[in-house]
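> Structure incoming, see below.
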Amino acid sequence: MRVIVNGEEREISSSSVGALLGELDYEGTHFAIALNYDVVPKSRWAETEIKSGDEIEIITPRQGG
Amino acid sequence: MQNAIRASSAQIVTVSVRRESAGGKTGDAFWKLIRELDVTVLPNTAGCRTVREAVTTAKLARELFGTPWIKLEVIADNDTLQPDVVGLVEAATILIKDGFEVFPYCTEDLSVATRLVDAGCKVVMPWAAPIGSAKGIINREALKLLRDRLSDITLVVDAGIGAPSHAAEALELGYDAVLLNTAIAKAADPVGMANAFRLGVEAGRAAYEAGLMEARDFASPSTPVVGTPFWHAVS
């Protein structure tokens, strides 16, 4: 199904946030995730479902301010 | 970067959040560097232009860093990077209700600062000049007024500082701290400049505590008039 990850349209097969990170080769755990402007805590990544057209932001610490 | 932070004696470091690309490890590497320092992290919402973006980014930052502290930025214009003061007050109100400690990056306007304090901000961070402009304090009178009217609030000059003398000026005005990046990052010798800023802040604070004299319009001699050689009364 098509979703938007970090502003880019992607064709993915995962149905949960947790699975999506694996499918897209995200390593490590220092991320925070927003699904359609709702923050998904790490404890709920595995159980949070993704639907077609969802917008996902995967973010990490960065220099600056 | 680490050496500059140590040389500055900064106790708080602000950190942004950005998208991480798949397979990327930028975030992990940077975060490791920060955690090796003995500093308190203050996440920020740099780049956010709407209330929704800022509030969501603050919540993402809280997930990442595990702190309720947030430097709140809601930006109105891409050239001036000035705060959108209306959006800022709205976002601050939402975030404070959600348990955040909001450190708002704002203008020097007293009415905006007052609204932020009324919303629950215990810290207010007015700019000296536009972010990265290195101009120093443009509106000294306005910053003096804020210090005078918001005497119980922690005040930080944030943005536009270019030289240690600017930082000293802020501390001389009674501000509690300064927040800067570009002045050190873009110096020819960042570690040397960080040290210079440490000295500037110390000098400014010491001067403030020693009680600065008031400026005056007319000259006032420092040597007594009485006993001036060759002096005669004029009648």
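The values are calculated or read from the model by the stated rules, or taken from the named source; none is laboratory data. Just so you know, these numbers come straight off a predicted model, no measurement behind them. Methodologically, a virtual Cβ is constructed for each residue, glycine included, from the backbone with ideal geometry; neighbour enumeration extends over all protein chains shown.
> Could you figure out which of (1) of a type in the set (S, T, Y); (2) out of contact with any helix residue (DSSP H, G or I) (no Cβ under 7 Å at 6 or more places or on another chain); (3) under 21 Å from B:L143 (Cβ atoms) isn't true of B:S165?
Among (1) of a type in the set (S, T, Y); (2) out of contact with any helix residue (DSSP H, G or I) (no Cβ under 7 Å at 6 or more places or on another chain); (3) under 21 Å from B:L143 (Cβ atoms), the lone unmet condition for B:S165 is (2).
> Scan the stretch B:187-208 residue by residue and report those that are in contact with an Asp or Glu (Cβ under 7 Å, 6 or more places away or on another chain) and within 12 Å of B:S165 (Cα to Cα).
B:G204
> Something else now. If I ask for residues that are within 30 Å of B:I5 (Cα to Cα) and more than 8 Å from every other protein chain (Cβ to nearest Cβ), which ones from the stretch A:18-32 would you list?
Of everything in the stretch A:18-32, just one residue is within 30 Å of B:I5 (Cα to Cα) and more than 8 Å from every other protein chain (Cβ to nearest Cβ), namely A:T29.
> Let me ask something else about it. Taking the options B:K71, B:K59, name whichever one is under 24 Å from B:L171 (Cβ atoms) and among the basic types (K, R).
On the way: B:K59 fails: under 24 Å from B:L171 (Cβ atoms).
The unique qualifying residue is B:K71.
> Just the residues that are more than 16 Å from B:A22 (Cβ to Cβ), among the charged types (D, E, K, R) and at the interface with another protein chain (Cβ under 7 Å from one of its Cβ atoms), please, taken from the stretch A:47-61.
Across the stretch A:47-61, there are no qualifying residues.
> Sticking with this structure for a sec: If we only count helices (runs of 4 or more DSSP H) wholly inside the stretch B:1-101, which ones have 2 or more residues that are modelled with pLDDT of 95 or more? Steps first, answer last, please.
Details: elements: B:2-8, B:26-35, B:51-65, B:85-97.
Because the criterion is at least 2 residues that are modelled with pLDDT of 95 or more, the helices (runs of 4 or more DSSP H) in the stretch B:1-101 that meet it are B:2-8, B:51-65, B:85-97.
> With the condition being over 17 Å from B:E20 (Cα atoms) and out of contact with any helix residue (DSSP H, G or I) (no Cβ under 6 Å at 6 or more places or on another chain), I'd like the strands (runs of 3 or more DSSP E) fully within the stretch A:1-46 carrying at least 1 qualifying residues.
By residue number, A:2-5, A:8-11, A:38-40.
> Right, something else. Please state which of the following conditions B:K97 fails to meet, knowing it meets all the rest: (1) surrounded by fewer than 21 Cβ atoms within 10 Å (Cβ to Cβ); (2) free of Cβ contacts under 8 Å to residues at least 24 places away in the same chain; (3) within 12 Å of another protein chain (Cβ to nearest Cβ).
(3)
> In this structure, is B:T14 within 11 Å of chain A (Cβ to nearest Cβ) and touching a residue at least 60 places away in the same chain (Cβ under 8 Å)?
On the way: within 11 Å of chain A (Cβ to nearest Cβ): yes; touching a residue at least 60 places away in the same chain (Cβ under 8 Å): yes.
Yes, satisfied.
> For the stretch B:199-235, give me each residue that is at negative phi and aromatic (F, W, Y).
Once the filter is applied, which keeps residues that are at negative phi and aromatic (F, W, Y), the stretch B:199-235 yields B:Y208, B:F218, B:W231.
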